[in-house]
Each structure stands twice: as C-alpha cells, then as structure tokens.
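Trainee: Here it is, the structure in full.
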Amino acid sequence: MIPGPVEFDPEVLRALGAKTTSHVAPEFIAVFSRALKRLREVCLAPSAQPFVVAGSGTLAMEMAVANLVEPGERALVVNTGYFSDRMATLLERYGAEVVQVRCAPGEAPDVASVESVLGSGRFKVMTATHVDTSTGVLAPVEALVRAAGRHGVLSVVDGVCATAGETFHQEAWGADVYLTASQKALGVPPGLALLSVGPRALAAWRARRTPVRSLYADFAEWLPIMEAYEAGRPSYFATPAVNLVCALEVSLGQIVREGMEARFARHQRMARAFRAGWRALGLRMLPVSESVAAHTLSALYYPEGVDAGVLGRVREQGAVLAGGLHPELKTRYFRVGHMNVVGPGDVLATVGAVERALAAAGHRVEPGAAVAAAQGELLAAR
Ligand code: PMP
C-alpha cells in the first residue's frame, strides 16, 4: 500500500511474463498501436500525441523540459513539494530562468497568486504537480492550466501520482503536456515514461531555434516511432520495453473498460473511506484540508509518542506503507497509497493493520472503531 509501485492486476502481470517478441513483430506492433490509442482515451486528449518510452517518471519530466524549453527562457514552477523541486532542478539544468510560487507543505497553490505571477511576464511554460506524492496535496490543476492558457503560457502537468486516479480532462482543460509513469494508477510495473503532448506544445517544440540537448529525450527521435507504431508500421530508434508495453496495453484496456469517470469516482470513494478510518484513529492528515487532499494517497502525521518504528509493526500486521519524503518533515509523517486496483477489502485490511500497529505502539485506540468508520463510509457510498 505504498504510493507506487502499487499492486498490479494478475492479467497485467501475465502480459509482462509472456514470451518476448521482436519489437517489430506484427503482433507487437498491433499491441503498441492499441496502447497509444488507449492512452489518448485515458488522458481524455483525442488530439494529443502520446509518447511511451522506456524509463521512469523522471524521464517523462525530462522529456517535457528538454523539448519545450530553450536556454534563457522563463519557466514558472508551481511548487507543492519534492517533485516540484525536481522539476525546477531539471528546468535549471536545461538553462531555463526559473521562478517559483512555493506552497508551505500541505497547502495547495493559490490560483490568484499564480495568475498574478503569470501576468508579470514572458513565461514560456508553467509546471504543476497534479498530486505531489511527498505531501498528498492535490493541486487545483484545472484552474492553474486555464490560467496559464489565458496568459499564452504552455502548461506542463506532472501526473505521475495522479493519472487514471484523479479527475483530469487534458483537452477540455487545455493542458499542453500531461506526463506520467507506469507504476501508479496506470497499473503497470515501473519502467515506462509516458507523455500526452497537445498541439500547442508540439508547435512550440517545432519552432525551437536550438536543438534538443538530449538525444534519448528528443521528440524528433520518438515522434516518427510513435506515429509508425500507431499506424501499424515497423520502426526503430531505441528498443522499446516490449513486455512493459504489452502489460500497458492490457492495463489501459482494463482502465478504459472501467470508464474514466467511474475510475475517478472509485478512487474518490476509497479515499473517503480511508479518511474516515484515519479520523477515527485520531490521525491528522498533512494536507491542510480534505478539499486539497489527494484521492490517490494519504499522508498522515504520526500521533504523539509514535514514530517511524510503527511502520515495521504495520508491516507485521500485513500492510506495507511508506515513510515521509518531504525534506522539511520526513520523520514526522507516513504515506499510504490507494491507487489502481484498490478496493474495499484493501481499505479495511489496511486501516485494520494500522489500528493494530498503533495499539501495539501504545497509542490509545478503540478496537474496531477505525474499521467501522471506514466500513460506514463504504456502505454510504454504495
Ligand atoms: N513526479 C511525481 C509526482 C512522483 O510521485 C514521482 C515518483 N514517485 C516522480 C515524479 C518521479 O517518478 P519516477 O520515480 O518514476 O522517476
């Protein structure tokens, strides 16, 4: 129950373990073609160009930056934590002049403040982290993306801890790049970097004056490959992660069958049930209010007298949780992922494991109260 890698569906894992074909075998080309088409559906971005490349989420971030930003251009980072810091580091590495709007840990960005900075001048891109995995904060990305659009600034949204779990309508909202990774709500083991790049972002890349500094990250290398696979033609730049792409095609098929709105709603229901359990245990969330709390993970302060040692006890009780990540607070809180195949059984088992571990650590709990609270929420949501 960590915020990625998550639990994967057996059918997805079977695709991963199947015999590896040639990357230009007709059956693999057909699989890759379907995966690309399904990615458009998952991002709700019919006019965008999907990219699926072997690498982790950090590569997806680097591809967005390397292709969109030229040295000396200005970038605005809406900073909600650890992964926004990483975005700023990448932008600086590629020569951007970076301005940041920083939030205190647990707070969501204030759209009006971001908009006033956007209006102060000449930004090429604005980046935002949809769910910052270090704080469990859900950023108001629709409003941020629309604000960037009003100022003619390209928007790049890091969806690594959100895609296929948090509501996101790339095209309707006007997000120019949605970047993500395989190992969280997309339901595929780690190893794929994915991007959905809208027409304005592609036009900005085509209008570059300088070459992209990274060969492996360059859209110029990958665009013809993605177009060829989607059209059913063999093509090669760098060997694709054949089995991961096969697993992706299966997982995206399951996601599309569930339906995006139904999937977003399921993640919301499970998050509400977890929160009811946490409240009953007297645990305080790191996000300052429920309205800015992610539905893909919970970030919770340890209660008085309890420290990270309790995670070992939770593990003994059958659930693997993650420690803190935000540099300012990391010893003071822990994280519980609730993405992909998460269902009522996972909620009750995890809340129960935390309840028993806290009791063993000397925290006062009323036996069964947290599980009952989560169950009550699950029943109310039926
Ligand atoms: N952005 C966010 C929001 C993340 O949660 C992560 C990974 N936890 C990353 C970027 C980086 O992804 P990866 O670890 O796959 O490189």
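Trainee: Condition check: open to solvent by less than 30 Å² (accessible area, probe 1.4 Å), more than 16 Å from the ligand (Cβ to nearest atom) and out of contact with any Cys (no Cβ under 7 Å at 6 or more places or on another chain). Does Val137 satisfy that?
Mentor: For Val137, the condition - open to solvent by less than 30 Å² (accessible area, probe 1.4 Å), more than 16 Å from the ligand (Cβ to nearest atom) and out of contact with any Cys (no Cβ under 7 Å at 6 or more places or on another chain) - is not met.
Trainee: Quick one: Asp85 ticks every box in (1) of a type outside the set (Ser, Thr, Tyr); (2) more than 15 Å from the ligand (Cβ to nearest atom); (3) surrounded by fewer than 21 Cβ atoms within 10 Å (Cβ to Cβ) bar one, so which box is it?
Mentor: Result: Asp85 fails condition (2) only.
Trainee: Then there is this: Scan segment 1-19 for residues that are open to solvent by 40 Å² or more (accessible area, probe 1.4 Å) and part of a helix (DSSP H, G or I) and jot them down.
Mentor: Correct list: Pro10, Glu11, Leu13, Arg14, Leu16, Gly17.
Trainee: Test of understanding: among Gly362, Gly305, Gly376, which residue is modelled with pLDDT of 95 or more and not charged (D, E, K, R)?
Mentor: Result: Gly376 is the single residue among Gly362, Gly305, Gly376 that is modelled with pLDDT of 95 or more and not charged (D, E, K, R).
Trainee: What's the total number of residues in segment 164-193 that are open to solvent by less than 10 Å² (accessible area, probe 1.4 Å), among the polar types (S, T, N, Q) and within 14 Å of the ligand (Cβ to nearest atom)?
Mentor: Residues in segment 164-193 being open to solvent by less than 10 Å² (accessible area, probe 1.4 Å), among the polar types (S, T, N, Q) and within 14 Å of the ligand (Cβ to nearest atom): 2 in total.
Here's the yes/no breakdown for (1) among the polar types (S, T, N, Q); (2) buried (at least 21 other Cβ atoms within 10 Å of the Cβ); (3) within 30 Å of Cys103 (Cα to Cα):
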residue	(1), (2), (3)
Thr21	yes, no, no
Ser33	yes, no, no
Leu36	no, yes, no
Leu39	no, yes, no
Val53	no, yes, no
Met63	no, yes, yes
Glu73	no, no, yes
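Trainee: How many residues, within segment 278-292, are out of contact with any helix residue (DSSP H, G or I) (no Cβ under 7 Å at 6 or more places or on another chain) and open to solvent by less than 20 Å² (accessible area, probe 1.4 Å)?
Mentor: 4
Trainee: Here is a further query. Out of segment 293-344, which residues are of a type in the set (S, T, N, Q), open to solvent by 30 Å² or more (accessible area, probe 1.4 Å) and touching a helix residue (DSSP H, G or I) at 6+ places or on another chain (Cβ under 7 Å)?
Mentor: Gln317
Trainee: Let me ask another. If you check Ala201 against the conditions, is it open to solvent by less than 10 Å² (accessible area, probe 1.4 Å), more than 16 Å from the ligand (Cβ to nearest atom) and at pLDDT 95 or above?
Mentor: yes
Trainee: Restricting to segment 361-379, name every residue that is touching an Asp or Glu at 6+ places or on another chain (Cβ under 8 Å) and surrounded by fewer than 12 Cβ atoms within 10 Å (Cβ to Cβ).
Mentor: Result: Pro367, single match.
Trainee: Exactly one of (1) assigned to a loop (DSSP other than H, G, I, E, B); (2) within 11 Å of the ligand (Cβ to nearest atom) is unmet by Pro211. Its number?
Mentor: Status for Pro211: all satisfied but (2).
Trainee: When you scan segment 1-14, do you find a residue that is within 16 Å of the ligand (Cβ to nearest atom), more than 15 Å from the chain's Cα centre (by Cα) and either under 30 Å from Gly95 (Cα atoms) or among the aromatic types (Phe, Trp, Tyr) (or both), even just one?
Mentor: yes
Trainee: Under 7 Å by Cβ, and 6 or more places apart or on different chains, what pairs join a residue from segment 166-187 that is acidic (Asp, Glu) with one that is within 8 Å of the ligand (Cβ to nearest atom)?
Mentor: Taking only residues 6 or more apart or on different chains, the pairs are Glu166/His130; Glu166/Val131.
Trainee: Continuing with this model, one more query. So is Arg263 in contact (Cβ under 8 Å) with a residue 60 or more places away in the chain, crowded, with 17+ Cβ neighbours inside 10 Å, touching a helix residue (DSSP H, G or I) at 6+ places or on another chain (Cβ under 7 Å) and charged (D, E, K, R) or not?
Mentor: So Arg263 fits the description; yes.
Trainee: Which of the residues spanning segment 159-173 are over 19 Å from Leu248 (Cα atoms) and not polar (S, T, N, Q)?
Mentor: Phe168, His169, Glu171, Ala172, Trp173
Trainee: Moving to a separate point now. Run Ala203 past the list (1) free of Cβ contacts under 8 Å to residues at least 40 places away in the same chain; (2) in a loop (DSSP other than H, G, I, E, B) and report the number of the one that doesn't hold.
Mentor: Failed condition: (2).
Trainee: Could you please find all residues in segment 27-64 being aliphatic (A, V, I, L, M), touching a strand residue (DSSP E or B) at 6+ places or on another chain (Cβ under 8 Å) and more than 15 Å from the ligand (Cβ to nearest atom)?
Mentor: If the condition is that a residue be aliphatic (A, V, I, L, M), touching a strand residue (DSSP E or B) at 6+ places or on another chain (Cβ under 8 Å) and more than 15 Å from the ligand (Cβ to nearest atom), then Ala35, Leu36, Leu39, Ala45, Ala48 are the ones that fit.
The values are calculated or read from the model by the stated rules, or taken from the named source; none is laboratory data. Everything quoted here is computed from the prediction, not taken from an experiment. Quick reminder, even Gly has a Cβ in these numbers, built from the backbone with ideal geometry, and neighbours come from all protein chains shown. Each accessible area value is taken on the protein alone, full model and side chains, heavy atoms only, with ligands, DNA and RNA left out. Shrake-Rupley method; radii C 1.70, N 1.55, O 1.52, S 1.80 Å.
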